[in-house]
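I have placed the structure first, in the form of structure tokens, so that the comments after it can refer back to it.
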Protein chains: 2
Amino acid sequence: MSVSLDLVFAALADGTRRQILTMLLEDDMAVTDVAEPFEMSLAAISKHLGILTRAGLISQDKRGRVKWCKLEPQAMRDAIVWIESFGQLEALNLDAFEKFLDEELGNYPESSRSVAAQQHGERYDGQ
Amino acid sequence: MSVSLDLVFAALADGTRRQILTMLLEDDMAVTDVAEPFEMSLAAISKHLGILTRAGLISQDKRGRVKWCKLEPQAMRDAIVWIESFGQLEALNLDAFEKFLDEELGNYPESSRSVAAQQHGERYDGQ
DNA sequence: CTGATATTCAACCATTTGGTTGACGGTTTG
DNA sequence: CAAACCGTCAACCAAATGGTTGAATATCAG
């Protein structure tokens, strides 16, 4: 559905880019200065900055021969909204499940707990 | 740094997978039922579920010939923590900037604070 | 046992990603 | 003007992604 959400999450799915965003939290920076702490080439950092820009997470402003990179935290709001609404729905769901247990199964903790235990048990046997 | 954060964000960077997660919010589902609303093959959905599983966002529990998919919202906490701590740092930064404005533009001119404010303020006139 | 159902595996394909290197176009600076 | 600097572009590479199809593996039902 939402293409921009794809781009934002994809941009965040890389440690180098997350580190760049953290650096930009302190200060606007030139491309060369962004690249300095990393061990990869300047061209690679330039690509990362392009990905961050296309995702809307930063903006780049060229003044003279220097291109300043500026954080655009607004763009992260889409991701935050999605994740948090997700969390809210989950909370509602757990509420509903608790209500269901309380009202539908009454005060019989053994039977209700055995159902829940069966559903929640035996994870991570896959690998 | 954090590999799992890479995996979580990468898993979230696909609309199909986000839709699957939303579906699983309502109920645990079998793989075939997960695949039903999508127009791609069952094998493709199976791969998506594998990616979600490796990211820790869901778990898969095989009972008989049916593999039940269950949301594991715990894994999303890493992503939430990262994004929100990011937001907090931004808020702290804005706080510092507000302080700078308050103290620099006239209210309580204290010499020891003005030195710190000058250091903070320099990043905003960085051409 | 036979057949249907549920799911994955294996091979393949096109596209994207993350990296490299070298050359190139603007912009200062000496 | 000439040289140094800032950053991107182009071509290339290896690996991953997202999808397909067809065969394979379990499990259930009759």
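Look at the stretch B:9-22: the mean tally of other chain Cβ atoms within 10 Å of its residues' Cβ atoms is 5.
Computed from phi, the 3J(HN,Hα) profile of segment B:63-71 under the Karplus parametrisation 6.51, -1.76, 1.60 (θ = phi - 60°) reads 10, x, 9, 9, 9, 8, 9, 10, 5 Hz, with x in place of Gly and Pro. Shielding value for A:42-49 is 0, the average number of Cβ atoms from other chains within 10 Å of each residue's Cβ.
Over all other residues within a Cβ to Cβ distance under 12 Å of B:ALA35, the charged ones net out to -1, with Lys and Arg as +1 and Asp and Glu as -1.
Take the Cα of A:THR53, step 7 Å toward its Cβ, do the same at B:ARG77, and the gap between the two points is 3.9 nm. Exposure proxy for A:ASP27, A:ASP61: other Cβ atoms within 10 Å of each Cβ, ordered fewest to most, give A:ASP61, A:ASP27. Counting from the shortest, the label point at B:GLN19, 7 Å from Cα toward Cβ, is 3.7 nm from the same position in each remaining copy. Modelled spin labels at A:ARG63 and A:SER4, positioned 7 Å past Cα toward Cβ, are 2.6 nm from each other. In this structure the amide hydrogen of A:TRP68, modeled in the peptide plane, comes within under 5 Å of the amide hydrogens of A:ASP61, A:LYS62, A:ARG63, none closer than 5 places in sequence on its chain. Derived scalar couplings between HN and Hα for segment B:48-58 equal 4, 5, x, 5, 5, 5, 4, 6, x, 7, 9 Hz in order, rounded to whole Hz, by the Karplus curve 6.51 cos²θ - 1.76 cosθ + 1.60 (θ = phi - 60°), x for Gly and Pro. Highest-first packing order for the peptide set B:5-17, B:62-74 is B:5-17, B:62-74, based on the mean count of other beta carbon atoms within 10 Å. Take B:ARG65, move 7 Å from Cα toward the beta carbon, and the resulting point lies 7.0 nm from the same point in each other copy, nearest first. With only the Cα atoms considered, segment B:1-64 has a convex hull volume of 84 Å³ per residue.
Quick note: the coordinates plus some simple rules give every number you see, no bench work behind them. Quick caveat: nothing in here was measured; it's all calculated off a predicted structure. Using ideal geometry, Cβ is built from the backbone for each residue, glycine included, and neighbour counts are taken over all protein chains shown.
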